[in-house]
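So the structure is just underneath, and the comments pick up after that.
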Amino acid sequence: MSRAEAGNERHRAAVSGGILPRGPGVGWFGAAGFVNALGTGFFYPFSLLFFTGVSGLPMSTVGVVLTATALAALPGLFAVGRLVDRFGPRSVIIVSALVRGGCFVGFVSMPGLVPLALCSVVLALGNRAEQAAAPLLAVGLAAEGQGSRWLALSRVVFNAGVGAGALLAGLLIVDTASGFVLLGVINAAGFLLAAVLYFKVPAAVADRRSAARRPSRRHDRPWRDLLFLRVAGANALLWMAALVMESALPVFVLRELDLPSWTVGALFAVNTALLVLLQLPVSRVLDRFRPGPVLAFGGLSYIVLYVGAALASSAPQHVRSAVLIGAMAVYTLGEMAVSQAGLVLLTGIPPKRSQGSYLAFNQVFIGTATAFVPLISTSALESRPAVLWWVLTGVSVTAAALAVRCRPRGDGEAGAPGGGGGASEQRRGTTV
């Protein structure tokens, strides 16, 4: 080997071993994902107050409308999946961002029940469409063997954007009519900017992946794919468990444990910081293992936080915060494993021509599971909080049992392009 060839080989090894994934458009993809998540974080903490303020309706009515419209949007995901397969994930993400921006213009300019309901249905459908298409755009842009790292990058920029958006909103938004109008306008502008940034993602790669996924006359039906149903079910259960925990934990910490309010901030600061700092390095380690066992192990790691919450109830007052923070750190590592392995499996099981339909169908599972979060959280906290930890433990164990033997298909037609659960997983076969 010549000196030049050796130098090139060392350069390739250094790049492939770096933290950032390889493939075209890494910067544009990361920037677009960050701006998109920034708007989510900016809006989410004030969402109920926003909808109540701009619609002029009671909060109880707003809650019913938002739940009903979120469920009403789910059937539309079947059409969204076909659009992703037909036109590619990048196009769907861009249109979704523009539509969601338009929804916020509608919220602030048209008060009342009917505009709230109509715009909420469209917003819910746009949110689900973006969540279905974004992983496919990531694996479509990935270089060979880099799919799982691109998926990890999408989670890093999402978590960083949500955290930064929530912090920014807390500094800027005031609980007034003009403050909520400002919130809606800024969010609409953020979606417009995200659409522009996604437009800069290299179209040739995304379009080539899209052409490979265009449906045949006899379109694949994800509801008949038992392997995909197992993964989607496990993923939805763990998604629900995480949302229940995040919504119930602040109430439990403040009311049941009687801890100071800074404890809640510290817990979620630990969670966000670890997700942003460690997701990419952890993804490199997880690439060495089959995603099914990784997903199962990550789900079982959630139990550490459930046990920590239960132990904190009987622990001395001065150590309760330390117990919860330590348990949250373990839970966050499990969350990294779940998000990484879940996306690898969900993008690695479907036939390439039908990945959009499969991931849109997965959003039906996610949306249905999410609808039960308020019911589980409030009913358990109002009766016996200890019951909640047992319920969540059962959910995590069930999800782990569903996922542990799952793996991306190796039939040459399925698999995330170049992903840890796609081409590279097929090459490793059963040796990992």
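The values are calculated or read from the model by the stated rules, or taken from the named source; none is laboratory data. Model, not experiment: these values are computed from the prediction. Cβ placement follows ideal geometry from the backbone for every residue including glycine, while neighbour counts extend to all protein chains displayed.
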Check your understanding: Out of curiosity, is residue 407 buried (at least 17 other Cβ atoms within 10 Å of the Cβ) and not in a helix (DSSP H, G or I)?
Key -> yes
Point to revise | Residues (buried (at least 18 other Cβ atoms within 10 Å of the Cβ) and over 30 Å from residue 259 (Cα atoms)) located in region 283-318 | key: 283, 286, 287, 290, 291, 292, 293, 294, 295, 296, 297
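Look at residue 118 and say whether it is closer than 22 Å to residue 189 by Cβ, surrounded by 18 or more Cβ atoms within 10 Å (Cβ to Cβ), more than 14 Å from the chain's Cα centre (by Cα) and of a type in the set (A, V, I, L, M).
No.
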Review point. Does region 378-387 contain any residue that is under 30 Å from residue 148 (Cβ atoms), modelled with pLDDT under 80 and assigned to a helix (DSSP H, G or I)?
Key: no
Check your understanding: How many of the residues in region 94-122 are closer than 14 Å to residue 180 by Cα and without any contact (Cβ under 8 Å) to a residue 12 or more places away in the chain?
Key -> 2
Review point. Can you tell me which of 65, 80 is among the β-branched types (Val, Ile, Thr) and crowded, with 24+ Cβ neighbours inside 10 Å?
Key: 80
Practice item. Might you check whether a residue that is surrounded by 22 or more Cβ atoms within 10 Å (Cβ to Cβ), in contact (Cβ under 8 Å) with a residue 12 or more places away in the chain, assigned by TED's automatic domain parsing to the domain that holds residue 294 and not in a helix (DSSP H, G or I) occurs anywhere in region 326-337? Key: no
Practice item. Considering every residue within region 349-360, establish whether at least one is more than 14 Å from the chain's Cα centre (by Cα) and either assigned to a loop (DSSP other than H, G, I, E, B) or in the same structural domain as residue 126 (by TED's automatic domain parsing) (or both). Key: yes
Review point. Restricted to region 226-263, and to residues that are in a helix (DSSP H, G or I) and of a type in the set (S, T, N, Q), which residue is surrounded by the most Cβ atoms within 10 Å (Cβ to Cβ)?
Key: 235
